[in-house]
Each structure stands twice: as structure tokens, then as C-alpha cells.
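Engineer: Here's a structure for you.
The values are calculated or read from the model by the stated rules, or taken from the named source; none is laboratory data. Small disclaimer: the values here were computed from a predicted structure and weren't measured. When we count neighbours, we look across all protein chains shown, and the Cβ atoms used for this are built from the backbone with ideal geometry, even at glycine.
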Number of protein chains: 2
Amino acid sequence: MASNIPHSYGLLLFPGFEVLDAAGPIEVLNILSKYLSHSEMNLSVIAETVDDLVTPGPFAPGDENSKQFTGQQLYQPTHSFATAPKDLDVLIIPGGRGVNRTDEELKPLLSFLRHCYHGTDGRKPLQYIFSICTGSALLARTGILDGQTATTNKKAWDRVTPLGPKTHWVAKARWVESNGRVWTASGVTAGIDGMAALVGSVYGEETAERVCEFIEHVRVKEAGDDPFAEVNGCRDVLPVE
Amino acid sequence: MASNIPHSYGLLLFPGFEVLDAAGPIEVLNILSKYLSHSEMNLSVIAETVDDLVTPGPFAPGDENSKQFTGQQLYQPTHSFATAPKDLDVLIIPGGRGVNRTDEELKPLLSFLRHCYHGTDGRKPLQYIFSICTGSALLARTGILDGQTATTNKKAWDRVTPLGPKTHWVAKARWVESNGRVWTASGVTAGIDGMAALVGSVYGEETAERVCEFIEHVRVKEAGDDPFAEVNGCRDVLPVE
């Protein structure tokens, strides 16, 4: 087991987030919490404001043409960017159509990510930042992925990788761990495997196996075991400098 | 493609539901809805009342000892049992610790399920009822599984199967389709594969494949392809009469 066990987990929500990007890792952590005493894990569900319920994707906010199915899924955040705990250890960042907003629209969110990661604005630096799917596009736009290795959903490869020109984007990856702190999982269900790997590295492989067996998840155990790079013809993208 | 395409989907929520039981099938349907025109699918998120936010498991309601991690995940239902659409085509029923409540506590929920399935109380009968994990325990307690084949989470095998003594419980099953209408998926992530199979049977296999590729899900395509029965030493349970 790692010497430095995280206690304070955060899940970032925004309009147009992908449901399973968030729920996969949270399920892994919910089951993990069964095996720990009640004081060891705390979750904050964080959005720009707690005044609005958050509606997930796959459709971008304002995409009226396609709201009928997805618009009725409603999540209540517990904390705003302003009230989120200052001592988060882990922050989980889903992808989804909501990552496609402009820099101006995303300014508060990107600023929040930078402060959490770097430990500025009176915060403790995150122990782990963990993105799923196109959540890596948000990390890329903060500069957090500069000089790191990372991955993303292979269907979004050509759209996301240019956002991180100083990043080595690894195509054949179910997830990538970089620098000990920066974890990026590939598309949607890869978040389950990536979080299981993080749980394994922190709490031991036996615990990760126990969690996956409980949720009857046929786990991908190797970070490089990813068929979707080839399916989509994706190749590594190297940093430009 | 099936001749009778469902339009009105419902997701049942209750305190102590399992997050990924619900989110897996909903993710599949969210992506499916991308490929259909906006008028073809409608989702209602249904709970006993819309006045309370619903908190998922893995801990049962009132299990104060373990609320710290999970208690802050909050879902806002859109409909109560009283206001839910009368013409639901599909109803999705997650499992989780909340299924372990008494018959008295679950009376409104079990009554709602019976009315939806049988088309009583002014309702149209469901085209498909779809449970995940220990959601099958709820179906068993309504009598809907009498004379049917079904499955459930293998970790809960000895607890759930006695609730349906007139059911043939299939141990080595990722999911079971019975009577054309009754679908029961095995533990948690099996809900993704089960819903992909239902989508395949309704909208065609090509569409199901397209959805799974988008969410980078390494799909289990055969209903009988389930390693967890053996892992947990589960055997089929035949109806007692």
C-alpha cells in the first residue's frame, strides 16, 4: 500500500459531461469505500455553482435539437468552485461534449483545475489528477499536460491532441500514468480500468481485484492493452518542441 | 430492426441504488440517442417522490457508519411514481443495497413495478423490463420473474435466488432474456453488455457495435460468456414447482 493514502476525493461536473466517464470511477471508489473504515474517504461533487442542477451529455449545452433524451438526467453538485475543499487529494475530470466550450466559457473551470493541481489560491496541491475520455482536453487547455504523457478517447484523437502540443500523446493506451500524479484514461469505460489501476497502486492489487470482482468487471490490467487505437487508426503524437 | 421501436424509457431510482448499475445502460442509451433523431427517445428518471434527492449506495439508507463517501452523490428524479408517464416502453431497474428493504418499505416501489409491467392502473404494459445486478431481487419480489429465467450478481446469488422460487436462475450468464420482455443482467458492468444486446435486438447489431466502439467498451457479446459464476461457485437454481 502507498505511504500517502488519499482521503479527499473530488468529482468535477459541468453541463454536457459524459455520464459513464463520471460513474465508472465513482463506482470503483464506492466499492473501495466498503472495504475501508468510514473516515477514510470523502467525496465532493464540484461544479461552477451549486445553484443549478447539472445535465450530462452526450449533447453540448444549447444543442436544443438533441436534448430530449439526455436533458432529464439531473445531478446536484455539493460544492461550487468557491466552496470546494482546499485540501483535495484526488480530482476526477470526466469528458463529454461540454469540454468543447470556448476558453472564455471555460475560464472558471480551467482556473479551478490549475489551482487544484498546482496548489495555488490557498489550496493543497492534488496528489492525483485523473481525467477520463475527453476530460484530457480540459487538462491540455490548462497546461497541466505540458511535458507529460497522456491519452484520450480515440474517436476524438485528432480533435484533442492538438490542444496539448507539448504533450506526448500515447495512442495504444487504455490509460496513461505520467509523473506519478497525472492519470489520463482513454474513452469512457477505460475510466473503470484506469481507476482500478490507481486503486491498485495506492491500496494494493488485491484490493483492486476485489473491487472489480464485486462489480463483475472483466478488467483490463495492462495500460497498453487497447484495441481502439488500431480500430480508429490513431498514432502517437509527439510534443512539438 | 425490430418492428416495434421503444420511445419512452424510464430509469427507476431509490435510496441505496448502485451508481454504475444505472449509469452503464443510460450511457449506452445516451450514445444511441446520438444516432437517432431527437424525437425518438425520451427518458424519465422515476423515484417514489421528486421532493427528495436520491442518494446511491453501496450503503443502505440509514447505514450511518458508511455514509461519508457515498452520501454526497445526489440525483434529482424528474417523476414520482404518481406522475411517471403512463406509456413507458422500457423500465430500467438498478440494484444496490436499497433492494434489501422490507416488503412494507418497498410496497410503493413493488406496486409501481407491477403496474408498469402488467399495464394495470391505467398504464400501457412495458415492452421491456430490464434489471441490473440485484435489481432482479426487486423483480423477483413482484412475482414478475415467476415462470421466467433470470440472473443476478453472483456475489448475491444465495441471497437473491430464494426470492424467486418459481424462477429458473441461470448462473453462467452475463445477462438473460426471457419471454421477449424480461431482461436481467448480472453484476454492475454486465448492465452495459445487457443493454448493448437489447439495443442490438431492437436497432440492429451494427448500431450496438457503433455505440460500444464509441464508449470504448470491450463488449461481451454472448449472454452465456460469464466468468463470475465459476469464480463464486454459483450453480443454476431451478423453480421449486
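Conditions (1) among the aromatic types (F, W, Y); (2) buried (at least 23 other Cβ atoms within 10 Å of the Cβ); (3) touching a residue at least 40 places away in the same chain (Cβ under 8 Å), marked per residue:
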position: B:S111; (1), (2), (3): no, no, no
position: B:C116; (1), (2), (3): no, yes, yes
position: B:D121; (1), (2), (3): no, no, no
position: B:Q127; (1), (2), (3): no, no, yes
position: B:G143; (1), (2), (3): no, no, no
position: B:R159; (1), (2), (3): no, no, no
position: B:A173; (1), (2), (3): no, yes, yes
position: B:T189; (1), (2), (3): no, yes, yes
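Engineer: Please determine, by comparing only the residues of region A:140-174 that are in contact with a helix residue (DSSP H, G or I) (Cβ under 7 Å, 6 or more places away or on another chain) and part of a helix (DSSP H, G or I), which one is nearest to A:G57 (Cα to Cα).
Structural biologist: Only one residue fits best here, namely A:K155.
Engineer: Output the number of the condition that B:W183 fails; it satisfies all remaining conditions of (1) within 14 Å of chain A (Cβ to nearest Cβ); (2) part of a strand (DSSP E or B).
Structural biologist: (1)
Engineer: Would you confirm, using the coordinates I've provided, whether A:R114 is assigned to a helix (DSSP H, G or I) and either in contact with a helix residue (DSSP H, G or I) (Cβ under 7 Å, 6 or more places away or on another chain) or under 14 Å from A:W183 (Cα atoms) (or both)?
Structural biologist: Considered against the rule, which asks whether it is assigned to a helix (DSSP H, G or I) and either in contact with a helix residue (DSSP H, G or I) (Cβ under 7 Å, 6 or more places away or on another chain) or under 14 Å from A:W183 (Cα atoms) (or both), A:R114 comes out as yes.
Engineer: Report whether or not B:T120 is outside any helix (DSSP H, G or I), hydroxyl-bearing (S, T, Y), modelled with pLDDT of 95 or more and in contact with a Ser or Thr (Cβ under 8 Å, 6 or more places away or on another chain).
Structural biologist: no
Engineer: Among the residues of region A:12-31 satisfying the criterion of being in contact with a helix residue (DSSP H, G or I) (Cβ under 6 Å, 6 or more places away or on another chain) and facing chain B (nearest Cβ under 8 Å), which is surrounded by the most Cβ atoms within 10 Å (Cβ to Cβ)?
Structural biologist: Within region A:12-31, the match that is surrounded by the most Cβ atoms within 10 Å (Cβ to Cβ) is A:G24.
Engineer: Does A:S8 count as facing another protein chain (nearest Cβ under 10 Å), more than 22 Å from B:I26 (Cα to Cα) and at pLDDT below 95?
Structural biologist: So A:S8 does not fit the description; no.
Engineer: Mind checking whether some residue in region B:162-177 is over 21 Å from B:D236 (Cβ atoms) and under 16 Å from the mean Cα position of the chain (by Cα)?
Structural biologist: No, every residue in region B:162-177 fails to be over 21 Å from B:D236 (Cβ atoms) and under 16 Å from the mean Cα position of the chain (by Cα).
Engineer: Quick check on A:A197: is it under 22 Å from A:P6 (Cα atoms) and either in contact with a Lys or Arg (Cβ under 9 Å, 6 or more places away or on another chain) or free of Cβ contacts under 8 Å to residues at least 12 places away in the same chain (or both)? Explain how you work it out, then say what you get.
Structural biologist: Details: under 22 Å from A:P6 (Cα atoms): yes; either in contact with a Lys or Arg (Cβ under 9 Å, 6 or more places away or on another chain) or free of Cβ contacts under 8 Å to residues at least 12 places away in the same chain (or both): yes.
Considered against the rule, which asks whether it is under 22 Å from A:P6 (Cα atoms) and either in contact with a Lys or Arg (Cβ under 9 Å, 6 or more places away or on another chain) or free of Cβ contacts under 8 Å to residues at least 12 places away in the same chain (or both), A:A197 comes out as yes.
Engineer: Assess whether A:V211 counts as being in contact (Cβ under 8 Å) with a residue 40 or more places away in the chain and more than 30 Å from B:G224 (Cβ to Cβ).
Structural biologist: no
Engineer: Can you tell me how many residues in region B:42-98 are in a helix (DSSP H, G or I) and modelled with pLDDT of 95 or more?
Structural biologist: Here the count works out to 0.
Engineer: Regarding B:I92, is this residue surrounded by 21 or more Cβ atoms within 10 Å (Cβ to Cβ), under 12 Å from the mean Cα position of the chain (by Cα) and closer than 23 Å to B:A196 by Cα?
Structural biologist: yes
Engineer: Here's a follow-up. Select, from B:V220, B:V202, the only residue that is over 11 Å from B:V28 (Cα atoms) and assigned to a helix (DSSP H, G or I).
Structural biologist: When all the criteria are applied, what remains is B:V202.
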